[in-house]
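Remarks on the structure that follows.
All of the numbers you see were taken from the coordinates with simple rules; none came from a lab. Computed from a predicted model, the values in this text were never measured in an experiment. All Cβ positions, glycine included, derive from the backbone under ideal geometry; neighbour counts span all protein chains shown.
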Amino acid sequence: MSYNPSEVEAKWQKKWDEEQAFEPSDSHEQKKKYILSMFPFPSGRLHMGHVRNYAIGDAFARYYRKQNFNVLHPIGWDAFGMPAENAAIKHGRHPKEWTYSNIDYMRKELSTLGLSFSKTREFATCDELYTKHEQKFIIEMFEKGLLYRESTTVNWCESCHTVLANEQVEEGCCWRCDNPVELKEMPGYYLDIIKYADELLEDLEQLEGKWPHQVITMQRNWIGKSQGLEFVFELTEESKAKLGGHFEGYTVFTTRPDTIYGVTYSALAAEHPITKYLIENGLLEDETAEKIKEISNMTEVERAQQGKEGYPLGISVIHPLTGEEIPVWTANFVLASYGGGAVMAVPAHDERDYEFATKYDLPIKRVIEGGEELPYTGNGALIESDRFSCLENEEAKVAIINYIEEEGKGKGTTNYKLRNWGVSRQRYWGAPIPFIHCDACGLVPEKIENLPVALPEDIEITGEGNPLDNHPTWKQCKCPKCGKEAERETDTLDTFVQSSWYQFRYATNPKKWEETGIEREDANYWLGVDQYIGGIEHAILHLLYARFFTKVLRDLGYHDIDEPFTRLLTQGMVLMDGAKMSKSKGNTVDPDALVEKYGADTARLFILFAAPPQKELEWNDSAVDGAFKFIKKLYDRKSRVTGNTLPHIDHGALSKASKLARVKVYEALQKSTDVYENTFAFNTLIAACMEALNALDKQENGDVWTEGMYIMLNLLEPIIPHVTTELSEQLFNRENLTAKLEVKDEVFIQESILYVVMIGGKKRTEIEVDPAASSDEILAAAKEAGEKWLQGMQIVKEIVVPNKLVNLAVKPS
């Protein structure tokens, strides 16, 4: 019978379902492996990026099951978010109905790929039970001081009517709708991730060698720890009077206290309270005020693109060490979110300060020796720095901080580039933030027994404002504390919150989940995730937030885990004609159509063979066809098998071709462990199996064929599970799939070694030599075999590459 992928795949998918073949054991006695691919947003259609992500994860899961591990390999749905609301506006469908119908469709698509997911652990983040436990964490974080509400300047997308995190602003535009983002001051909820900044930074060391170095570097840079000096620039008496006595001065943070004697001006952010006071009280010229307002409405990216720009504020501060008066400016490069929104400017030793000072003709004072040109940012001895002159600048940093602390004018401190995480979103389709506003009691958390705070379903989404805020009754409630009339919070949580702890939801036994939420014993058994797979685009935010949530939930008593993901693989994108596959570009490949034409095994084989998982994959139709032909060839060769168990073979009695075939089979077996444990290079394992099949084709020994198929079907099962399971059942009653395979050393004992002979840069012939032959003996044999190509030539160089080739460089004699 010829290979029929649809028939074979339907058979085994049905059988695996009936057997519940992929459910993890409830026992914690067995050694475990937790394999997790980043879960998808239910957009309604799979794309080839999904296929790649889940084929990689499935290969790991199936491999470890064969090694007798208790394997947890779950799937779920990152189901809240703006796309559902946008679809509701566009198509007139309720976000909940749209989301769950998409989940149903995508679940069917995934099932056709034969992915070995646990079905009992599947969930969607919009499930009310998930929301219930998440709201409980949020309340506990609030009670621990890790969540707070304050009014700050935020990125506001007028089109989506929602706040965006900095990372959701791309080149000044919303990452969802691509419309311009503006800055707006409004209240919101924040998670104090900075409290965990040091631990998040230090624990990256645990992940060295287990996560891509690039990702660890990106995390470290995003946290951006810097140590330096914090001090106060006191305003001059004249400036205090100009500001109506409302300000005595302002705080500055610097990582370069060694350059403090080189300060020639100070700069404030456009949003700084002093700057705003000057504008609001008409103390600046109208044109200047308008220009500063324009800067305050720009995103960080827009300011960076603008070039250095600023304006004098007509006030001065006093240098804390010299007593000199320093002019104060506002500058677009000073950010309100870092260092208090104020900087000391040392143009001689900072490129940014130098560019600004040069543009506006401000003084420049060198205080560190070194380099012929300014700005000089290297090390050297201090000059023009009073008692600290002649000290090397690294030594001077410590000495100046100590002196300023002794004088009571400042302190050594640590600062972070990392900002606290704003989790408020002004939209309907998200997890409600479980707080209540009471005129008498202030901000009050909902009672735990009243959770979940569920979304109302009778809403109208128009795209204008927050539907929860506009609902006639939902937000009206009683205060849990005093019982008076109050209002619910109408903001919902950023969807990054849901994806920050979902690994714990999967780990909890479904029988315990409803009552307990995260179950401590289950979490401690399964976590951390042994292999996490996802796109490099999530290298910073998702991973950082998941690490933060893991540490917070640990400290709240839910588990004892420090890091959520032990090992990380970031897979590359799938490209067509050099560009990322995209519906808008019309360059997508429909996985459904591919499976219908070739079968799921072909799709899986191609996606894992075309490139190493970490690299970008260029789509190639002919390579897909080639993958199908290999599977068909493998299926057709079942007729060559002569036994139903692993045979005993006398290697020495075999023909040369049969010996070579066994070498290729066992080379593939050797490669398998290294691929799964170290390199992840599935393409090399598949290539080794293809070589083995080709070598088997060149010999006729039935036992060698039996052994070869017994081993290869085992090796390929994680990659192309349907056809390998079908053949394994037909040929070996599936016993080969769970057999413990060992490399046989005698296979690699070589009676002779084949050398390619290169003469004048071209392959001319081959020679077989004894494995113990010396280089001189190998060269002599090569010259004898290549005699006719050496006539009239002089050998100018002789190279022997052990076990591979002889290269003779020649010229006319």
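Fully extending the segment from E290 to D469, taken as 0.36 nm per residue of separation minus the present Cα-Cα distance, adds 61.1 nm. The mean sequence distance of close C-alpha pairs (under 8 Å, at least 6 residues apart), as a share of the length of the chain, puts its relative contact order at 13 percent. Considered as an equivalent ellipsoid built on the Cα gyration tensor, the range 15-169 has semi-axes of 33, 22, 15 Å, the largest given first. Between the Cα long axis of helix 213-223 and the first principal axis of the chain there is an angle of about 10°, rounded to the nearest 10.
Starting from the Cα gyration tensor of the range 265-367, take the square roots of the eigenvalues, sort them a ≥ b ≥ c, and report rounded, prolate or oblate (rounded when a/c is under 1.5, otherwise prolate if a/b is larger than b/c, else oblate). In terms of gyration-tensor shape, oblate. Against the set (1) 43, 37, 26; (2) 94, 35, 23; (3) 60, 40, 23, the structure's computed semi-axes √(5λ) of the Cα gyration tensor in Å falls on (3).
Sequentially through the range 521-527, phi angles give Karplus couplings (6.51, -1.76, 1.60; θ = phi - 60°) of 5, 5, 4, 5, 6, 7, 7 Hz, Gly and Pro residues having no value and appearing as x.
Where in the range 451-481 is the amide nitrogen less than 12 Å from a point lying 7 Å along the Cα-to-Cβ axis of E97? It comes to 458-459, nothing else. Between the helical axis of 95-111 and the dominant principal axis of the chain, each derived from Cα atoms, what acute angle in degrees is found, rounded to the nearest 10? Roughly 20 degrees between the two axes.
Can you give the calculated 222 nm mean residue ellipticity of the chain, where each DSSP H run of n ≥ 4 adds -39,500 (n - 2.57) and the sum is split over every residue, rounded to the nearest 500 deg cm²/dmol?
Computed ellipticity for the chain at 222 nm equals -11500 deg cm²/dmol.
The distance linking the range 593-614 with the range 278-329 is 58 Å (Cα centroid to Cα centroid, whole angstrom). Database remark: amide H of R427 closer than 5 angstrom to the amide H of T492 (H placed geometrically; neighbours at sequence offset of 5 or more, or on other chains; Pro and chain starts carry no H).
Rounded to 0.05, the FRET efficiency of the T236 and K210 pair, given R0 = 45 Å and the Cβ-Cβ distance, is 0.20. Per-residue Karplus couplings for the range 334-343, computed as 6.51 cos²θ - 1.76 cosθ + 1.60 with θ equal to phi - 60°, are listed in order as 8, 9, 5, 7, 10, x, x, x, 9, 9 Hz, Gly and Pro entered as x. Pop the C-beta distance of L646 and D562 into the FRET formula with R0 = 60 Å and round what comes out to the nearest 0.05. E between L646 and D562, to the nearest 0.05, is 0.85.
Normalised by 2.2 N^0.38 Å, where N is the number of residues, the alpha-carbon radius of gyration of the range 753-812 equals 1.01. Once you order the gyration tensor axes a ≥ b ≥ c over the Cα atoms, which shape class does the range 184-224 get: rounded for a/c under 1.5, otherwise prolate or oblate by comparing a/b with b/c? Note, shape of the range 184-224 comes out prolate. Would you work out if the range 192-312 is rounded, prolate or oblate? Take a ≥ b ≥ c from the square roots of the eigenvalues of the alpha-carbon gyration tensor; rounded if a/c is under 1.5, else prolate when a/b is larger than b/c, oblate otherwise. Cα axes put the range 192-312 in the prolate bin. Please give the FRET efficiency for T255 paired with E618, using the beta carbon to beta carbon distance and R0 = 41 Å, rounded to the nearest 0.05. Between T255 and E618 the formula returns 0.40. Computed from backbone phi, the HN-Hα couplings of the range 503-516 come to 4, 7, 4, 4, 6, 7, 3, x, 5, 9, 4, 4, 7, 9 Hz, rounded to whole numbers (Karplus: 6.51 cos²θ - 1.76 cosθ + 1.60, θ = phi - 60°; Gly and Pro given as x). Peptides 216-223, 47-54 ranked from most to least packed give 47-54, 216-223, packing being the mean of other C-beta atoms within 10 angstrom over each peptide's residues. Students often get this wrong, so check it: of K225/K291; K664/K744; K478/K511; K659/K762; K33/K119, which have C-alpha atoms separated by over 24 Å? K225/K291; K478/K511; K659/K762, as the Cα separations exceed 24 Å there. For a label point 7 angstrom out from the Cα of D590 toward its Cβ, which stretches of the range 82-103 have the backbone nitrogen within less than 14 Å? Backbone N within reach: none found. Computed packing ranks the peptides 420-430, 331-341, 10-20 as 420-430, 331-341, 10-20, most packed first, by mean other Cβ atoms within 10 Å.
Would you compute the Debye intensity of the range 392-431 from its alpha-carbon atoms alone, equal scatterers and no solvent, and pass along log10 I(q)/I(0) at q = 0.21, 0.22, 0.25 Å⁻¹ to two decimals? Results for the range 392-431 at q = 0.21, 0.22, 0.25 Å⁻¹ read -0.78, -0.81, -0.88. All distinct Cα pairs of the range 56-148 go into the 1/r average, and the inverse of that average, the Kirkwood radius, is 16.0 Å.
For the Cα atoms of the chain, what angle does the longest principal axis make with the long axis of helix 682-697, in degrees from 0 to 90, nearest 10? Taking Cα atoms only, the helix is inclined about 10 degrees.
Kirkwood Rh, the range 225-416, all Cα pairs: how many Å? Please list the in-between numbers first.
Working: mean 1/r = 0.0587 Å⁻¹.
About 17.0 Å for the range 225-416.
Report the paramagnetic label zone for Y148: residues of the range 428-456 whose backbone N is under 18 Å from a point 7 Å from Cα along the Cα-to-Cβ axis. Only 442-445 pass the distance filter. A simple packing score, the average count of other Cβ atoms within 10 Å per residue, orders the peptides 82-90, 473-481 as 82-90, 473-481, with the highest score first. The label point for Y105 and the one for L754, both projected 7 Å from the Cα toward the Cβ, are 5.3 nm apart. Taking the square roots of five times each eigenvalue of the Cα gyration tensor of the range 641-748, the equivalent ellipsoid has semi-axes of 20, 17, 12 Å, listed largest first. The amide H of V529, built 1.01 Å from its N in the peptide plane, has F565, T566 as neighbours under 5 Å, considering only residues 5 or more places off or on other chains.
Find the relative contact order for the range 376-416 and round it to a whole percent, using C-alpha pairs within less than 8 Å whose residues are 6+ positions apart.
Computed over the range 376-416, the figure is 24 percent.
Close amide H pairs (under 5 Å, H built 1.01 Å from N) link E170 with W175, residues at least 5 positions away or on another chain. Based on Cα contacts under 8 Å between residues 6+ apart, the range 713-813 shows a relative contact order of 22 percent.
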